[in-house]
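Structure, as structure tokens:
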Amino acid sequence: MSIQTRIDTFAGDTIYTAFEKTAQRLPRQVALKAVGGRGHSYTYEEVGAMVRQLAAGLQQSEFASCECVGILSENRPEWGIGYLAIVAAGRTVVPIDASLKEGEIAFIVRDAGLRLIFASGRFEGILRASGRDLTVFIFEENSPHSWQQLCAEASDSKTKPGNGTAMLIYTSGTTGAPKTVELTHENILANLNGIASALIFDEHDTFLSVLPLHHTLEATCGFLTPLLSGSTIVYARSLKSKEIFEDIALNHVTLMCGVPLLFEKMYHSVQREIAVAPWPRRALFRILYFISGLGWRLRQTRGKALFAGLRNKMGMGSIRMFVSGGAALPPRVCRFFNLIGFDFVQGYGMTECSPVISVNRPGDIEFGSVGPPLDNVEVRIDNPDHKGVGEIFVRGANVTPGYRNNPEKTAELIIDGWLHTGDLGRLKNGHLWITGRKKNVIVSAAGKNIYPEELEERLLESPYVLEAVVFGRPKQGRHGEEVRALLVPDLKQAQADGHVCADKADKKRLEEVLGSVVREVNDRVADYKRIAGFDIRLEELEKTSAKKVKRFLYK
């Protein structure tokens, strides 16, 4: 099956010229706010002026050979201004993960051939040690090497937006093998076209940016999409649920994009508030939640009216839409937020697709699915089995031309014009459903395929499981693999329910509690899928900067 409709919201544009049109239309609109709305704010007019001055500085003869320009910083307005200035000067942006170690940063600087980089002051020492020929401009104005020194008198001749490669993305991945993805202006703008046809963003919206901007999900969905739509972007102070709630309330935020881990933490935070409420309130919540669920089955969204008071008390009365992407989301979390009155939509994508491939639309949400493909993206299920499950192939103008200086991997990724995602899924009623990752499939002794993501989803339904990773382990002296699980318990919930002592984790009791959870899951799945054993980990699972579990560490 394939879906494709041509839309041209940004036809003939580059990223910079598309921004300029918005800035000219809404010059006095606040574009960017720092420190959760408590720091400096920039209007579209101010952003445009700074971008033109910095782009003019980048066009000076001493930087003429700098094809790529890096950005290394935490989320802040200057990150976005630097990005726009780089593309306005016809150069390629190389966003660097601020959580990387010194050696990893030095590798990217060398591999990308960076000779100029914009950075926060805390990275200056690391960067200057990574290369003698590297010029570092610091975002802080009080620095002797402030980027203000780069600003030059702007003129039309000094702004030469390119239309080739816009970004080089060094993927962190979950396999430990980084690759460099090339994304062109055409790729990114095609994705923005598709998003614009699926979700509404406009000048009346305020977007809370919480994910790291170096990641393509946030760069496209949390930066370029709201900015080119005329929205205001507020940079969150942290990933702490309490501070996110405060930032939402202070700025009357209407939109937020996040990864499942973030929304799961918010979900647990709300659930704990409900759990300690007086019993009449708990009973009322359950009754209203049941009514909302009944209405949902009838395609009636009653949660908006039923839970208006709860959303206001949470400080989220202004929110109209949450978007989740980057990894699989437990359906119970999506269901919960929708039933209490939010438009909570899950999407699917990958860096190589700029990144969005599909997303649920408000009014057409299927819990557990990642929605219909974007209107200008084709999706095909290759060699489906009797359940319709096969590898997901993607084609469209949003697809990368390939990996930089890596023709072998590019040839494996794109075959006959179709990008091979490595993900397994099926199409049903126009919606895409992700079954799992092809390389993660566990093969039983009888040759049956077991998808660990299905078992993880069931394990995470328990209030006592905070995180879970399921994997296959070869059987000694026998064919096939046995199914194992690594579980991170929710100690707060287990303590609150009296299963373990409040002062310390009782390993034996934890094993009993989690063993019961595993048995319940095993009772609900086919025998060949049963989890043979599990281990307990008290620390959070290690993740990439995009908050995906590094599976290769736990096999």
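On the given criteria, is Asn251 among the polar types (S, T, N, Q) and more than 18 Å from the chain's Cα centre (by Cα)?
Yes: the conditions hold for Asn251.
Within the stretch 45-58, is there a residue that is modelled with pLDDT of 95 or more, in contact with a Pro (Cβ under 8 Å, 6 or more places away or on another chain) and open to solvent by 10 Å² or more (accessible area, probe 1.4 Å)?
Among the residues of the stretch 45-58, at least one is modelled with pLDDT of 95 or more, in contact with a Pro (Cβ under 8 Å, 6 or more places away or on another chain) and open to solvent by 10 Å² or more (accessible area, probe 1.4 Å), which makes the answer yes.
Taking the conditions exactly as written (over 30 Å from Pro372 (Cα atoms), charged (D, E, K, R) and either over 25 Å from the mean Cα position of the chain (by Cα) or not in a helix (DSSP H, G or I) (or both)), does Glu74 satisfy them or not? Break it down stepwise before answering.
On the way: over 30 Å from Pro372 (Cα atoms): yes; charged (D, E, K, R): yes; either over 25 Å from the mean Cα position of the chain (by Cα) or not in a helix (DSSP H, G or I) (or both): yes.
Spelling it out, Glu74 is indeed over 30 Å from Pro372 (Cα atoms), charged (D, E, K, R) and either over 25 Å from the mean Cα position of the chain (by Cα) or not in a helix (DSSP H, G or I) (or both).
For the stretch 120-149, give me the residue count where each residue is open to solvent by 60 Å² or more (accessible area, probe 1.4 Å), over 30 Å from Ala49 (Cα atoms) and part of a loop (DSSP other than H, G, I, E, B).
Result for the stretch 120-149: 1.
Filter the stretch 232-242 down to the residues that are farther than 15 Å from Gly39 by Cα and touching a helix residue (DSSP H, G or I) at 6+ places or on another chain (Cβ under 7 Å), then identify the one that is most open to solvent (accessible area, probe 1.4 Å).
First pass over the stretch 232-242, keeping only residues farther than 15 Å from Gly39 by Cα: 239-242.
The next check asks that each one be touching a helix residue (DSSP H, G or I) at 6+ places or on another chain (Cβ under 7 Å); those that pass are 239, 241.
On the way: Leu239: 74, Ser241: 22 Å².
In this case the residue turns out to be Leu239.
Test Ala106 against the stated conditions and say whether it is open to solvent by less than 30 Å² (accessible area, probe 1.4 Å) and assigned to a helix (DSSP H, G or I). Before you say what the answer is, go through the steps one by one.
Values: open to solvent by less than 30 Å² (accessible area, probe 1.4 Å): yes; assigned to a helix (DSSP H, G or I): yes.
Yes; evaluated as a whole, the condition is true for this residue.
Please tell me if Ala88 is among the hydrophobic types (A, V, I, L, M, F, W, C), open to solvent by 20 Å² or more (accessible area, probe 1.4 Å) and in contact with a Pro (Cβ under 8 Å, 6 or more places away or on another chain). Break it down into steps so the answer makes sense when it comes.
Numbers: among the hydrophobic types (A, V, I, L, M, F, W, C): yes; open to solvent by 20 Å² or more (accessible area, probe 1.4 Å): no; in contact with a Pro (Cβ under 8 Å, 6 or more places away or on another chain): yes.
Criteria not met by Ala88.
May I ask you to verify whether Ile117 is hydrophobic (A, V, I, L, M, F, W, C) and either open to solvent by 10 Å² or more (accessible area, probe 1.4 Å) or not in a helix (DSSP H, G or I) (or both)?
Criteria met by Ile117.
Which one is nearest to Ile169 (Cα to Cα), of the residues in the stretch 536-548 that are aliphatic (A, V, I, L, M) and open to solvent by 40 Å² or more (accessible area, probe 1.4 Å)? Write out each step before concluding.
Narrowing the stretch 536-548 to residues aliphatic (A, V, I, L, M): 536, 538, 541, 546.
Those left that are additionally open to solvent by 40 Å² or more (accessible area, probe 1.4 Å): 536, 538.
Numbers: Ile536: 35, Leu538: 33 Å.
Ranking the qualifying residues of the stretch 536-548, first place goes to Leu538.
Inspect the stretch 251-261 for any residue being open to solvent by 70 Å² or more (accessible area, probe 1.4 Å) and of a type outside the set (A, V, I, L, M, F, W, C) and give the result as yes or no.
yes
Among the listed residues Ile365, Ile357, which satisfies the condition of being out of contact with any Leu (no Cβ under 8 Å at 6 or more places or on another chain) and of a type in the set (A, V, I, L, M)? It would help to see each step written out before you state the result.
Working: Ile357 fails: out of contact with any Leu (no Cβ under 8 Å at 6 or more places or on another chain).
Only one candidate qualifies: Ile365.
Working only within the stretch 1-26, note down all residues that are open to solvent by less than 40 Å² (accessible area, probe 1.4 Å) and at pLDDT 75 or above. Break it down stepwise before answering.
In the first step, residues of the stretch 1-26 are kept if they are open to solvent by less than 40 Å² (accessible area, probe 1.4 Å); the result is 7, 10, 13-16, 18-20, 22-23, 26.
Listed by number, the residues that qualify are Phe10, Asp13, Thr14, Ile15, Tyr16, Ala18, Phe19, Glu20, Thr22, Ala23, Leu26.
In the stretch 272-323, which helices (runs of 4 or more DSSP H) lie fully inside it and hold 2 or more residues that are out of contact with any helix residue (DSSP H, G or I) (no Cβ under 7 Å at 6 or more places or on another chain) and open to solvent by less than 80 Å² (accessible area, probe 1.4 Å)?
279-297, 308-313
So in the stretch 435-455, with the set limited to residues that are within 29 Å of Glu512 (Cβ to Cβ) and open to solvent by less than 20 Å² (accessible area, probe 1.4 Å), which one is modelled with the highest pLDDT?
Leu455
If you check every pair at least six apart or on different chains, which have Cβ atoms under 9 Å apart with a residue in the stretch 320-333 that is polar (S, T, N, Q) first and a residue that is part of a strand (DSSP E or B) and surrounded by 23 or more Cβ atoms within 10 Å (Cβ to Cβ) second?
Here the result reads Ser324/Cys257; Ser324/Gly258; Ser324/Phe344; Ser324/Val345; Ser324/Gln346; Ser324/Gly347, each pair linking the stretch 320-333 to a residue that is part of a strand (DSSP E or B) and surrounded by 23 or more Cβ atoms within 10 Å (Cβ to Cβ).
Output the qualifying pairs, or none if there are none: Cβ atoms under 6 angstrom, residues six or more apart or on different chains, first residue in the stretch 259-283 and without any contact (Cβ under 8 Å) to a residue 60 or more places away in the chain, second residue hydroxyl-bearing (Ser, Thr, Tyr).
Lys265/Ser241; Met266/Ser241; Ser269/Ser241
Any residue at all in the stretch 342-352 that is under 21 Å from Thr206 (Cβ atoms), at pLDDT 95 or above and small (Gly, Ala, Ser)?
Yes, that holds for at least one residue.
For the list (1) over 11 Å from Arg426 (Cα atoms); (2) of a type in the set (D, E, K, R); (3) modelled with pLDDT of 95 or more; (4) open to solvent by 30 Å² or more (accessible area, probe 1.4 Å), I need the number of the one condition that Glu378 fails.
Every listed condition holds for Glu378 apart from (4).
Would you be able to tell me the number of residues in the stretch 400-429 that are open to solvent by 20 Å² or more (accessible area, probe 1.4 Å) and not in a strand (DSSP E or B)?
13
The values are calculated or read from the model by the stated rules, or taken from the named source; none is laboratory data. For clarity, every value in this text was computed on a predicted model and none was experimentally measured. Heads up, the Cβs are rebuilt from the backbone with ideal geometry, glycines too, and the neighbour counts pull from every protein chain shown. Ligands, DNA and RNA are stripped out before the accessible areas are found, and what is left, the full protein with its side chains, is counted by its heavy atoms. Shrake-Rupley method; radii C 1.70, N 1.55, O 1.52, S 1.80 Å.
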